[in-house]
Structures are given as C-alpha cells and as structure tokens.
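See structure below.
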Amino acid sequence: MNRRDFSAQLVGLGLGAATLSAGLPAQAQSGPVEGTHYVRLGTLAPVSAPPGKIEVIEFFWYGCPHCNAFEPTLDAWQKKLPPDVAFRRVPVAFREVYAPQQQIFYALEALGKLEAMHRRVFYAMHSERQRLEKTDEIVALMEKNGIERAKFLEVFNSFSVQTKTKQATRLAEAYKIDGVPAMGVHGRFFTSGTLAGSPERALQVTEYLIKTLRKS
C-alpha cells in the first residue's frame, strides 16, 4: 500500500497482496536488478543492530491490507533467519491520524505484550473493522484482551513511546519509504512488494541483499 492509499484505508481490507505483472522475470538467472527490484540508498540510514549483525526491517502499517495478508508469511520467514541477521518491525504512518497505531506497537512492546497482541491488532482492524484512531477505541481493545486500562494509557502516552514513534517516522524517511510493506536492509537498501512484484518476492530480494552484504 503506497502513501496515497492511506487516505482510503478501508478499501480492499482483507484482500491478499497482489502479485504485480512486473515480477522478477530474470531473478532465477541473474538475481534481482538494482533500480528495478530494489533501491540502493544514496545516503545511509541509521542502523541499530549490534556489530556483526545485518539489520533487516519490515516497515508496516496496521491498517494496510497487504501488511495484514503478508504477516503470516513474514512471521514464518523471520523465525528461520540465521544468527547474523537482526530482524525488527517498524510501524509507519503517512498521515498524522495514524500515529496512534505506531504508539500501539511501541506501547505493547514496552509492556511485553507485542507477541501476543500484534496479530490481534491486525485482526481488529481488518476482520472487525475497527479504525483504532481514537484512544478510547484503542483502550477498549486492550481491555478486551486483558491489558489494564491505566497501565496501558501510562505507557501509550509516555515520553519513551512518543520518542520511539518519532524515531520510526524519521527512519522511514531515511529509507525513503513511500509504501508498505517494505523491507529495509542494513541502512543501505530497500525493497517492497511494488518493486519486487509481491511481498513474498520482496523476501527473496531481501535474502539476496543479505548475501550481498555478507560478501562485502
């Protein structure tokens, strides 16, 4: 889902990620093509992975139907990554109204509830048609899933969560992300479903970029 599609968040909810006609026709023979299937950043983006680790980031939005459909595949993929790859998710919001959904992610992370709640937030938006733009609606979802209202609000509105939300936005800007889901690789490259042909193919490109970084 690209930046302009954020204004039509409910259109097509629940649909799988589309496979674009561009695809990767030459990938099997010669590998992904720079400028076609992935982009090399002109200015390096910040990397937070420990020394010796290759950082891989999925940029996503809870309201994106393609991110929702992609999540099971991505989750299975990241669990099989080798030890030298540090994977993390970064929530983005191309409009200020969606910033609370970034805060949801970092609040759940701070509370140690992210693993249990990440897919439930997607489900609430895409299956239950909740917008999750207003605090009351967000808190109601948390309470429904056993998270204490006062504790969640304290973390949700905390300076730490606000700071991480702003950092996420700056990182997406550094990678020049204009659509999701997208994959950033160690501050040097990014690919996406649009570039690669589908989110699943973007993972193939990501693996290629990881191997490229190992060689360098």
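Looking at K151, K164, which is the one that is part of a helix (DSSP H, G or I) and under 23 Å from P50 (Cβ atoms)? Going through K151, K164 in turn, just one is part of a helix (DSSP H, G or I) and under 23 Å from P50 (Cβ atoms): K164. Of note, F87 does not satisfy the criterion of being touching a residue at least 40 places away in the same chain (Cβ under 8 Å) and either in a strand (DSSP E or B) or more than 28 Å from E128 (Cα to Cα) (or both).
Report yes if some residue within segment 96-109 is of a type in the set (D, E, K, R), in a loop (DSSP other than H, G, I, E, B) and over 21 Å from Y123 (Cβ atoms); otherwise report no. Checking segment 96-109: not a single residue is of a type in the set (D, E, K, R), in a loop (DSSP other than H, G, I, E, B) and over 21 Å from Y123 (Cβ atoms). Select from segment 182-216 the residues that are β-branched (V, I, T) and either in a helix (DSSP H, G or I) or in contact with a Lys or Arg (Cβ under 9 Å, 6 or more places away or on another chain) (or both) and write down the one among them that is farthest from K79 (Cα to Cα). Here the residue is T194. Among the numbered conditions (1) of a type outside the set (D, E); (2) part of a loop (DSSP other than H, G, I, E, B); (3) modelled with pLDDT of 65 or more; (4) under 23 Å from R120 (Cα atoms), the only one that H66 does not meet is (2).
Of the residues contained in segment 20-41, one or more are found to be polar (S, T, N, Q), at pLDDT below 95 and surrounded by 13 or more Cβ atoms within 10 Å (Cβ to Cβ). With respect to (1) farther than 19 Å from P91 by Cα; (2) of a type outside the set (K, R); (3) assigned to a helix (DSSP H, G or I), the lone exception for A172 is condition (1). Number of residues in segment 165-185 that are surrounded by fewer than 20 Cβ atoms within 10 Å (Cβ to Cβ) and either of a type outside the set (S, T, Y) or under 18 Å from G42 (Cβ atoms) (or both) equals 7.
Go through (1) buried (at least 18 other Cβ atoms within 10 Å of the Cβ); (2) closer than 20 Å to M142 by Cα one by one and return the number of the condition V90 breaks. Among (1) buried (at least 18 other Cβ atoms within 10 Å of the Cβ); (2) closer than 20 Å to M142 by Cα, V90 violates only (2).
Report the residue count in segment 42-63 for those that are part of a loop (DSSP other than H, G, I, E, B) and under 16 Å from A202 (Cβ atoms).
We begin by selecting, within segment 42-63, every residue part of a loop (DSSP other than H, G, I, E, B); these are 42-53, 61-63.
Cutting the leftovers down to under 16 Å from A202 (Cβ atoms) gives us 61.
Qualifying residue count for the region: 1.
Scanning segment 40-62 for residues that are among the β-branched types (V, I, T) and closer than 30 Å to Y123 by Cβ gives V56, I57.
The values are calculated or read from the model by the stated rules, or taken from the named source; none is laboratory data. The model shown is predicted, which means the values in this text are computed figures rather than measured ones. Using ideal geometry, Cβ is built from the backbone for each residue, glycine included, and neighbour counts are taken over all protein chains shown.
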